[in-house]
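Written below as structure tokens is the structure these notes are about.
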Amino acid sequence: MIAPGARTVGSFALIAILSGCTTAYLDIPIETPIQPKLDVRPFSRVFVAGFVSAGTDDVDGNLETVRLLRSQLRNKGTLRVIDADALALGDLVAGENGAAGAAPATAPATAAAEVSDDMAFAAYEKVFADKEYWKKVGEEMQQPLIVTGTILFRTQQRSGFVQRERETFDALGRRVVQPERTYMERKGFILRPSFIFIDGRTGETLHTETFREEILYNANQTTPPLSSFFELMDRLLPSFLNTLSAQKVRGSRTLLK
């Protein structure tokens with residue numbers, strides 16, 4: 001039988017041991033470098049030349065994309081950004097294809113819109129493969145890295161069941177959140193850019209990347225197309241910038257103290 005005094009001493013000893021074993025955690029911020037996808041060391045300048053755009057007429061996909069990419073490259077890039085008028089590639093190729101009866105790059109508002117857009121863009125592919133044309137552009141701009149491509153920005157509509165959270169209160173006044181499925185009509189936009197990186201010294205294509213982003217709103221919500229365009233572009237800008245320069249992914253690591 002253990003004496004009461006011994007039990008008391010043992011209890012204090014156990015408390016002391018447990019107190020000494022309390023674990024503290026320390027969050028350490030870390031940055032992980034991501035190497036660029038393209039070796040830009042041969043270039044000192046970059047020329048965002050212009051894009052063939054399709055989709056809604058409410059946003060000039062060519063000019064808005066040129067302005068945005070040049071601004072981002074000035075802030076975060078290592079290459080000098082060339083300020084020059086954006087090339088009207090759509091007009092250039094449309095003029096060449098006019099005699100052959102090629103369709104212009106416009107996006108009809110149908111369920112098969114993206115298929116139609118792909119067919120329209122296909123008529124413009126030869127300009128990106130024209131090495132002599134891009135070599136000439138490069139000579140005029142002191143042989144920079146050239147960024148061009150296609151921009152699709154169009155409206156979309158979608159209907160179906162969406163899971164939402166419904167807030168209620170029980171008989172005791174406690175908040176209760178329950179998931180529910182609701183049929184909704186929604187509308188929004190699709191952004192699908194294809195960035196083509198061309199060597200201004202030779203006119204050869206070095207790298208191509210294609211992205212697709214979309215956003216949907218409630219049918220009764222009114223959002224300016226230009227606002228949605230910038231919101232969607234903001235999602236893919238880190239990947240675009242990582243093509244040309246090293247980026248850092250910030251996070252944290254938990255250590256035992």
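Brief remarks follow.
- Taking the numbered list (1) at pLDDT 95 or above; (2) touching a Phe, Trp or Tyr at 6+ places or on another chain (Cβ under 7 Å); (3) not basic (K, R) in turn, I151 passes all entries but (1).
- Scanning segment 214-229 for residues that are crowded, with 16+ Cβ neighbours inside 10 Å and either of a type in the set (S, T, Y) or in contact with a Lys or Arg (Cβ under 8 Å, 6 or more places away or on another chain) (or both), we see that the one that is farthest from K131 (Cα to Cα) is L216.
- Residue match in segment 130-147 (condition: surrounded by 13 or more Cβ atoms within 10 Å (Cβ to Cβ) and at pLDDT below 90): no
Yes/no matrix, rows are residues, columns are (1) crowded, with 18+ Cβ neighbours inside 10 Å; (2) more than 24 Å from G200 (Cβ to Cβ); (3) touching a Leu at 6+ places or on another chain (Cβ under 8 Å); (4) at pLDDT 90 or above:
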| position | (1), (2), (3), (4) |
| --- | --- |
| K76 | no, no, yes, no |
| G95 | no, no, no, no |
| A99 | no, yes, no, no |
| A111 | no, yes, no, no |
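- Within segment 217-245, residues that are under 27 Å from R80 (Cβ atoms) reach partners that are assigned to a helix (DSSP H, G or I) and at pLDDT 90 or above with beta carbons closer than 7 Å, at six or more positions or on different chains, in the pairs F229/E64; M233/L68; L237/Q72; L241/Q72.
For (1) modelled with pLDDT of 85 or more; (2) hydrophobic (A, V, I, L, M, F, W, C), each residue gets a yes or a no:
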{"position": "E180", "(1), (2)": "no, no"}
{"position": "P193", "(1), (2)": "yes, no"}
{"position": "P225", "(1), (2)": "yes, no"}
{"position": "F230", "(1), (2)": "yes, yes"}
{"position": "R235", "(1), (2)": "yes, no"}
{"position": "L255", "(1), (2)": "no, yes"}
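- Against the criterion of being surrounded by 13 or more Cβ atoms within 10 Å (Cβ to Cβ), out of contact with any helix residue (DSSP H, G or I) (no Cβ under 9 Å at 6 or more places or on another chain), modelled with pLDDT under 80 and not in a loop (DSSP other than H, G, I, E, B), S159 does not qualify.
- Of the criteria (1) aromatic (F, W, Y); (2) modelled with pLDDT of 95 or more; (3) surrounded by fewer than 17 Cβ atoms within 10 Å (Cβ to Cβ), which one F197 fails: (3)
- Residue match in segment 3-17 (condition: farther than 18 Å from T150 by Cβ, of a type in the set (S, T, N, Q) and modelled with pLDDT of 90 or more): no
The values are calculated or read from the model by the stated rules, or taken from the named source; none is laboratory data. In this text the structure is predicted, and so the values were computed from the model without any measurement. Cβ atoms come from the backbone with ideal geometry, glycine included; neighbour counts cover every protein chain shown.
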